[in-house]
Structure formats: structure tokens, C-alpha cells
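First up is the structure itself, then whatever we jot down about it.
Nothing in this text is a laboratory measurement; each read-out follows from the coordinates by a stated rule. Computed from a predicted structure; not experimentally measured. Virtual Cβ from ideal backbone geometry, glycine too; neighbours counted across all protein chains shown.
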Amino acid sequence: MSSYVAIANLAATTIGTAARLTTPGDDTTLGRAVASVWEMERQAALRDGAWNFAMKRDSLPALTDAPAHQFQTRYQLPADCIRLIEIYELARDRWQVEGRAINADHTGPLKIRYLADIAEPALFDPLFAKAFALRIACSIGNRIAGSMFKEELNWEKYRQALAEARRVDAMENPPIEPYESNWVSDRWLGSAAGVGHSEYGFGPDPGGWW
């Protein structure tokens, strides 16, 4: 099971220092360095993947104030949402995130899947915790070990650990087919009728997959 102290000490091992934490509040050089970056690096590491342990679903009610133009309705993102993953039954070109809200061409409740801001280390996937420790090491390594710390090398270790964690995390679920956009549907219908999409006046998909 992951813990603040275990993750901090794995970061210390990566840096190459003999210093260790015994409690989360240790008033030492290592303790203060870890505490100063913990929250920002934790959120950044969470946003670096689509982790099963942090995934949630919600059904959002429409807000009373509509967007100024282009979209019909606004929806407030959940307070703990750190990254929107998917909106069900709505094509990608019919919604857009702006600030802490979603603008959408939709009138009813909006069903979403999102990445939650999980703060409790005991809930972290072990491979995520390992990658997170490497990210902390990269952030504080020069402060602890000076020029002896190889920052570029350790960022590469972080990317490799992140890739491993994502791969294993993805294996736990079947692939999810993204909702097909109107542009894709129209292009397919045009091709089936023997008409190229350029004849409809379409350019590249303006939204892509977010």
C-alpha cells in the first residue's frame, strides 16, 4: 500500500541521498522539499494518465446561464474533476471545455466520465505511485543533490515508468470506442454515395479527440 512516506523515500532513493522521512511532517531538508512540490506534482502525475483508480462518473445538470454563442447549454464540472475523459452520447464537435465548465449542444443532464483529484496515497495504484515518486525526484533532485543529480536521465525514467503504469492500467479494461462525430458520419455517408467529402465543403475535423 502506498503512503506519503513511502513515496517520498522512493524519491529520495532515486535522487541518491541517504536522507529518509519517518513521518509526513518531518522538518528536514528532504521533508520540506517533498512537501513544497507534493500537491502540484501529484495533480500533474494524475493528469498524465487516465487511471482506473481515479475514474468517476457523474450526470451533470444544466446551468441556468447559457454560453454567449455557439453552444446551447453550460454544465459545471465536478469540484474534484482534474481532467474530463469522456462525454456519453454526444459527438466531440458538440461540446467544449472552458474554464471549469462544459459548453454543449445538449439540453438534458450531461453524462460524463472524468479523472478525480485523488489525494489519499493509499488509493494510488502501485505503478502510479512509483511513477509519481520519480516525478517528485525530478522536481527536487537538484535541490537535494546539486549537480550530482542527473535530471534529464531521471525524467526519462519517469516517462518509462509512466508508460508501464499506463499499459498495465489499460489492460484492466476493454477498449472504449469514442463517440463518432458528425463529420465522420457525413464523410462515410458521402463516400458510400460515391461523393467525396470535399464536395460537401468539409475540412479537417475541427475538434479532434480531446
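Approximating the spin labels as points 7 Å out from Cα along Cα→Cβ, the Asp65-to-Thr23 distance works out to 4.6 nm. Diffusion coefficient of segment 1-97 by Stokes-Einstein, Kirkwood radius over Cα pairs, 37 °C, 0.692 mPa s: 193 µm²/s.
Among Cys81, Cys138, sorting on how many other beta-carbon atoms sit within 10 Å of each Cβ, with the fewest leading, yields Cys81, Cys138. Annotation: lysines with alpha-carbon distance below 19 angstrom to Lys157 (same-chain offsets under eight excluded): Lys130. Sequentially through segment 131-139, phi angles give Karplus couplings (6.51, -1.76, 1.60; θ = phi - 60°) of 5, 4, 4, 5, 5, 4, 4, 5, 6 Hz, Gly and Pro residues having no value and appearing as x. Applying the criteria of a DSSP loop state and at most 15 other Cβ atoms within 10 Å to the GluC sites (Glu not before Pro) of segment 59-139 yields Glu89. Between Arg57 and Asp105, full extension at 0.36 nm per residue minus the direct alpha carbon distance yields a gain of 15.3 nm. Within segment 54-117, the ratio Rg/Rh, alpha carbon atoms throughout and Rh by Kirkwood, equals 0.93.
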